[in-house]
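A short write-up of the structure that comes next.
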Amino acid sequence: MPKFFAPEAAPGARFLVLTGENAAHARVLRLKPGESVTVCDAKGTDFQCVISDIAPEQVSLVVQSEAPSRAEPGVFCSVYMAFAKAEKLEHVIQKATELGAGEIVAFPSSRCVARLDEKTLSKKLERWKKIAASAAEQSGRGRIPQVRAVRSFREAVLEAAERELALFPYENEKTQSLRACLSAGGYQSVSIMTGPEGGFSEDEVAFAGQNGMKICSLGPRILRCETAPLCALTAVLYAAGALD
């Protein structure tokens, strides 16, 4: 069933109208009156609707029912990823959204090859948000993850450390595994912070540990910067029962 995000949808609504890109998408799908669609308010509520009329600029819907989205995991996962070259961050935004991330946050670190000025970052953020919205719609999510950037590694660590479980995967960690970090369970919020192509510096690892983040290993293999956050996110969601 086609799904559309309409943030203006309000609880208790009997009628909804799709306009702009949503209406254009409905026309591309060749939807007709009488067909069923799902509309999500992007806050976790799904509206089951039937198309009543299709006009050139809008699609009119009759709401049949509303309910909390079943696609949202019970644990809120924040994925912090360092700026990376080419389209690697875009790939992570798309796939992390599909998996169930609550937000994706980009940040600079000392070994980042990619350096973004304010103008470039603003354009990137606009594109990244569209990628998240499209992935959320395609995967049937009940929310669109927030996509944003912070100005420094320090700011990213201090934010990420506020979660109930703050994970800092590091390829040189030999004693604490991701499995061990997740063994206690029952977490409502988790942050995952991963580095750029060159990894984190020792000073950055030390700063993260001093501020309460759990330095952990993702196993004996060295993962690429676009693989590590998705690996850790999947493990967190699995441990929380969000992949059942």
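The values are calculated or read from the model by the stated rules, or taken from the named source; none is laboratory data. Source: prediction; values computed, not measured. As a convention, Cβ positions derive from the backbone with ideal geometry for all residues, glycine included, and neighbour counts pool all protein chains shown. Just the protein is used for accessible areas: all its heavy atoms, side chains included, with ligands, DNA and RNA removed. Shrake-Rupley method; radii C 1.70, N 1.55, O 1.52, S 1.80 Å.
Return the residue satisfying two criteria in turn: it lies in segment 9-29 and is in a loop (DSSP other than H, G, I, E, B) and closer than 18 Å to residue 140 by Cα, and of such residues it is farthest from the chain's Cα centre (by Cα).
Across segment 9-29, the extreme among qualifying residues is 29.
Just for strands (runs of 3 or more DSSP E) wholly inside segment 96-171: which have at least 3 residues that are open to solvent by less than 50 Å² (accessible area, probe 1.4 Å)? Reasoning before the result, please.
Numbers: elements: 103-107, 146-149, 165-169.
Counting at least 3 such residues, we get 103-107, 165-169.
Quick check on my filter: what residues within segment 61-80 are more than 17 Å from residue 135 (Cα to Cα) and buried (at least 16 other Cβ atoms within 10 Å of the Cβ)?
Listed by number, the residues that qualify are 61, 63, 66, 75, 76, 80.
Among the residues of segment 191-243 satisfying the criterion of being among the polar types (S, T, N, Q) and open to solvent by less than 30 Å² (accessible area, probe 1.4 Å), which is farthest from residue 98 (Cα to Cα)?
Step by step, filter segment 191-243, then rank; the result is 201.
When you go through 197, 171 one by one, which is the residue that is under 16 Å from residue 107 (Cβ atoms), in contact (Cβ under 8 Å) with a residue 24 or more places away in the chain and acidic (Asp, Glu)?
When all the criteria are applied, what remains is 197.
Does any residue in segment 116-138 that is in contact (Cβ under 8 Å) with a residue 24 or more places away in the chain come within less than 8 Å, Cβ to Cβ, of a residue that is among the hydroxyl-bearing types (Ser, Thr, Tyr) six or more places away or on a different chain, and which pairs are these?
Note: pairs meeting the criteria are 131/97; 132/97; 135/97; 136/97.
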